[in-house]
Amino acid sequence: MIELAPSILSADFARLGEQVHAATEGGASVIHVDIMDGHFVPNLTIGPPVVKSLRKATELPLDCHLMIENPDEFIPIFADAGADWISVHQEACRHLNRTLHLIKSHNCQAGVVINPATPVETLSEVLDIVDYVLVMSVNPGFGGQQFIVSTLHKMRRLAEIRSQRRLTYRIEVDGGVAHDTVADVVRAGAEILVAGNAIFGKGDPKKNAQELLKAATEAALQKV
Ligand code: DX5
Ligand code: ZN
């Protein structure tokens, strides 16, 4: 099943609740929240108070993508603020196994993220722990960047490993997912589609979400 996870990074922050509702009416089933610290990535975004407000504004799961250097320090805080899913970068975690268990101990779904330059093989020892793997298809830090085509093989590889090892993680993709790339990511095996600019960049988020989800679902049917 394909899920659409609009990234609020490209939303109008002064009308966040309204924009989240519009995307939800368009079929979004997860809200993707980009947490950046200005160190791990060259941008600063939002912190726990915004997650807390979003928690009251929507019933959808909040997918908190931590692009920060010291995730262990903030996982309990984001969990308390209302995060349902928390993902951490492989590149940011010295003790990745411990960090993933920390997420689970807060009753959140645990995800691991890899940058475009990081191979899938670096995750071999944690694939049986995680609930989802997030493949970055742009270098993290900003919305509206161009999709990096060479990341597609990592989605295919993750789907292959999952069936070979009989694992159950889901595959998420983040960065440059739009009308021209959505069919490729779905055919490669992505199931949770993060999209910021394509949903909130221009026009009506409800209509944008409906159209992107329709294209994704059609591509998923062709796959079979
Ligand atoms: C980038 C973020 C993404 C971003 C995606 O660092 O992790 O979630 O919002 O934005 P688009 O869909 O515009 O590439
Ligand atoms: Zn993200």
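Brief remarks on what is shown
- When +1 charges are put on Lys and Arg Cβ atoms and -1 charges on Asp and Glu Cβ atoms, the dipole computed for the stretch 38-191 relative to its Cα centre reaches about 240 debye.
- Label positions at SER105 and GLU59, each projected 7 Å from the Cα along the C-beta direction, are separated by 3.2 nm.
- In order along the stretch 99-116, the phi-based Karplus estimate (6.51 cos²θ - 1.76 cosθ + 1.60, θ = phi - 60°) of 3J(HN,Hα) comes to 5, 5, 5, 4, 4, 5, 5, 9, 6, 10, 5, 9, x, 10, 10, 10, 5, x Hz; Gly and Pro are listed as x.
- Mean residue ellipticity (222 nm) of the chain, computed from DSSP H runs ≥ 4 via -39,500 (n - 2.57), nearest 500: -11000 deg cm²/dmol
- Highest-MSF residue in the chain out of PRO140, PRO49, PRO205 [GNM, Cα springs under 10 Å]: PRO49
- Mean Cα-pair separation over length for the chain, i.e. relative contact order, pairs under 8 Å, 6 or more apart, %: 23
- For the chain, a Gaussian network of Cα nodes joined below 10 Å ranks LEU167, LEU158, LEU134 by mean-square fluctuation, and the top entry is LEU167.
- When each of the peptides 64-73, 122-131 is scored by how many other beta carbons lie within 10 Å of its residues on average, the order from highest to lowest is 64-73, 122-131.
- DSSP-defined beta bridges in the chain - what % are antiparallel, rounded to 5: 5
Any read-out appearing in this document is the output of simple, stated calculations on the displayed coordinates, not a laboratory observation. Computed from a predicted structure; not experimentally measured. Glycine also receives a Cβ, built like all others from the backbone with ideal geometry; neighbour counts cover every protein chain displayed.
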